[in-house]
Each structure stands twice: as C-alpha cells, then as structure tokens.
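The values are calculated or read from the model by the stated rules, or taken from the named source; none is laboratory data. None of these values were measured; they are calculated from a predicted model. Backbone-built Cβ (ideal geometry, glycine too); neighbour counts: all protein chains shown.
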Amino acid sequence: MKLTKNLPILTLVVASIGAALAPAVQAQDFPKQPIKLVVPWAPGGNVDITARAVAPSLSEILGQQVIVENKPGAGGFIGSTGVVKSTPDGYTLLLGSSGSVSVAPALVAAPPYNPVKDLTVIGPIHAVPIILSATAKGNIKTFADFAAKAKAGKEQISVGSAGNGSSQHLALEMLALRMNVKLNHIPYKGSGPALIDLVGGQIETMMDQLTASISHIKSGAIIPLAQTGKTRSPLLPNVPTFEELGIKDFDMVTYTGIFGPAGMPAAVVEKLSAALQKTMQQQSVKERFNSLGVDIITLDRSAFAAYVKKDFEENQAIAKAANIVMQ
C-alpha cells in the first residue's frame, strides 16, 4: 500500500531527475550533425573572411563540419532573421557583426528582431577598424582631396558600403554629420561586390573593414585615406586616423562574434563557446587574423554580451541624433 500511495511522488521525482539530466545528455551528444554558420553578407567581405577563418578549427574541435552559408540582403537582415527564427538547437548559428547585430536594428523603425532579446551570444572573435578608401583610377588621393570635393557642394562624392544598415553605412553617415556635408551613399549586398566596383572605378570611395580592403590596398588598386580607431593599425602605419585629421568622436570599429537564436540549451551554448575560445587560441587562426590587421577580442561570453547591448543602445542614440531611419 505504501508503494502504491507513493507511486505518483516517485514518478514525479524520476521525471524531475530526467528533466534535469536532459541538457547534460544533449550537450554530451552535441553535435550529431553538421552545423550551419550563416554569413548575412555576400562573399569577400569582413564577415565572410572571418567565418572561413574560424570554421575549419571549429569543425575539428566539435567533430562535425561547420558549413559557412552566405545569405546576403537587406543590410544583413535576411540571413540574421533566418537564424533568429531557426530551431534553437545549436545547429544554425550566425557569424554576426556590428552591422547585422547592433547597427541595422538600431537604424530601422521596426526591425525584424531585437539583438538583445532574440539572439544568444556564443562568443566574440575580433574587432577591426573601418577604412575610407578611394579608387586608384580617380582623382582623390588623400583625405584632403576627399574633404575639398565633399565641401565644394557642386557634386556629391559616391561612397560605397556593404549595404543599408551596415556598420560601414553608419560610419559614412557619421562622417557626413561630423563634416557637415552630403555624401552619395551607394549600398551593395556586401563588401565583396562594392570592392569590385571601387577597384574598377565605378564608385569613387568606400567605407569598409580593413580585413576586406587590405589586399586591394597592398596591390595599389585602392588608396586608404583615413581609418577609424584610437590608434593607427600596424598594417597602415602611414594612414592617419580620423581623430588626427580633426574629425572628433569618430573611433568606431566593427566587432564580430558568433550568435545563435534565443532559447538555446545552456549546456549547448557553453560547449559552442568553449569550442570558439579554443579556436581563437589556435596559432594558425591567430596568424591569419594578425595578417588582416584585427584585434582579437578576449572578453568572456557574458562581458561580450554586455558590450553588444551597450553598442546597440549607443547606435540607437546616434541614429536618433543623425535622424537616420530606414524603412
């Protein structure tokens, strides 16, 4: 009789223990299939280069292939929204950056996702300065040339970017605001296509991350005019910062990191975060990023999440001050 009376309680206890053990078992088995790492921009840009630099090491550590998938469009919204709406099981991740995570949602009146509430932070990768460059086929050779033409007012300078709502877009809007000039923004579906037109002379100038621009700078196809950041990049020691050129409060850099949809099991998040941390300690990965002129971010997952939240809120304030609202 005692056994019969206590059976419901015993069943409840067993069920509770099973529920408590489920995340641990899930993390132990994870991953059981390939992981999709979504890049919300076209191939050839900073985020794409970053994804392909970390994917091989992540694949080796996790024991499953990490497949980079480009889903460009709408300023990073298409690929990012796909991740936000995906099943939160750890098999669909986002290689996020300032543009798709904390810039685009801050510039749109009704964004399709809230980066703080709808994304799970896996961990940071790196931060990279933004470069204002000019095509070598044009007449702009220095920042002084750029400023003179922009302030003349007779014709607007065309400035390419990775797309509406990208960090490059915000950078050029901030530059126009600081210089009190109008610039002709030419948005693309990623840095890759924009760089092709910049090299070819179809556009005069471009705002872009150093990672994507550096090879074209080294070849002489494009000319770096100025760089964001508090100090000059070791890869561009002769290129002044905007601060040095008299453009105050303009030291923004682009961060990158890996994110997943909200609601992921904590144990899976921790396993992915540990794999990313181990990846960033690989010598081959460090050397690759050093060659691109980036600063590896050493913040832990919670500190990086706080940084992303702060950056999003600051971009909202900038968008309001500059009256930047995209539909």
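Structure values in brief
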item	result
Extreme residue, farthest from Leu170 (Cα to Cα), among residues of segment 289-306 that are of a type outside the set (Val, Ile, Thr) and crowded, with 18+ Cβ neighbours inside 10 Å	Arg301
Which numbered condition Leu236 misses (of (1) within 22 Å of the chain's Cα centre (by Cα); (2) crowded, with 19+ Cβ neighbours inside 10 Å; (3) under 25 Å from Phe77 (Cβ atoms))	(3)
Pair list, Cβ < 9 Å and 6+ apart or interchain, from segment 76-101 residues that are without any contact (Cβ under 8 Å) to a residue 40 or more places away in the chain to residues that are outside any strand (DSSP E or B)	Ile78/Pro40; Ile78/Lys71; Ile78/Pro72; Thr81/Pro40; Thr81/Ala74; Thr81/Pro112; Thr81/Tyr113
Filtered residue count, segment 103-155, keeping only those that are of a type in the set (A, V, I, L, M) and in a helix (DSSP H, G or I)	9
Close pairs (9 angstrom Cβ cut-off, 6 or more residues apart or separate chains): touching a residue at least 24 places away in the same chain (Cβ under 8 Å) in segment 286-314, of a type in the set (Asp, Glu) anywhere	Phe289/Asp295; Arg301/Glu270
Residue, surrounded by the fewest Cβ atoms within 10 Å (Cβ to Cβ), within segment 61-82, restricted to residues that are of a type in the set (S, T, N, Q) and under 18 Å from Asp118 (Cβ atoms)	Thr81
Residue selected from segment 281-302 under the condition under 17 Å from the mean Cα position of the chain (by Cα) and in a helix (DSSP H, G or I), by the criterion farthest from Val121 (Cα to Cα)	Phe289
Lone unmet requirement of (1) farther than 20 Å from Ala171 by Cα; (2) surrounded by fewer than 23 Cβ atoms within 10 Å (Cβ to Cβ); (3) not polar (S, T, N, Q) for Ile140	(1)
Of residues in segment 121-137 being surrounded by fewer than 22 Cβ atoms within 10 Å (Cβ to Cβ) and of a type in the set (Gly, Ala, Ser), the one modelled with the highest pLDDT	Ala136
Test result for Asp118, charged (D, E, K, R), crowded, with 18+ Cβ neighbours inside 10 Å and modelled with pLDDT of 95 or more	yes
Only listed residue being crowded, with 24+ Cβ neighbours inside 10 Å and modelled with pLDDT under 90, chosen from Gly153, Gly163	Gly163
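To keep it simple, each residue is scored yes or no on (1) at pLDDT below 95; (2) under 17 Å from the mean Cα position of the chain (by Cα); (3) among the aliphatic types (A, V, I, L, M).
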{"position": "His216", "(1), (2), (3)": "no, no, no"}
{"position": "Leu225", "(1), (2), (3)": "no, no, yes"}
{"position": "Arg232", "(1), (2), (3)": "yes, no, no"}
{"position": "Asp251", "(1), (2), (3)": "yes, yes, no"}
{"position": "Phe259", "(1), (2), (3)": "no, yes, no"}
{"position": "Pro265", "(1), (2), (3)": "no, no, no"}
{"position": "Ala274", "(1), (2), (3)": "no, no, yes"}
{"position": "Thr279", "(1), (2), (3)": "no, no, no"}
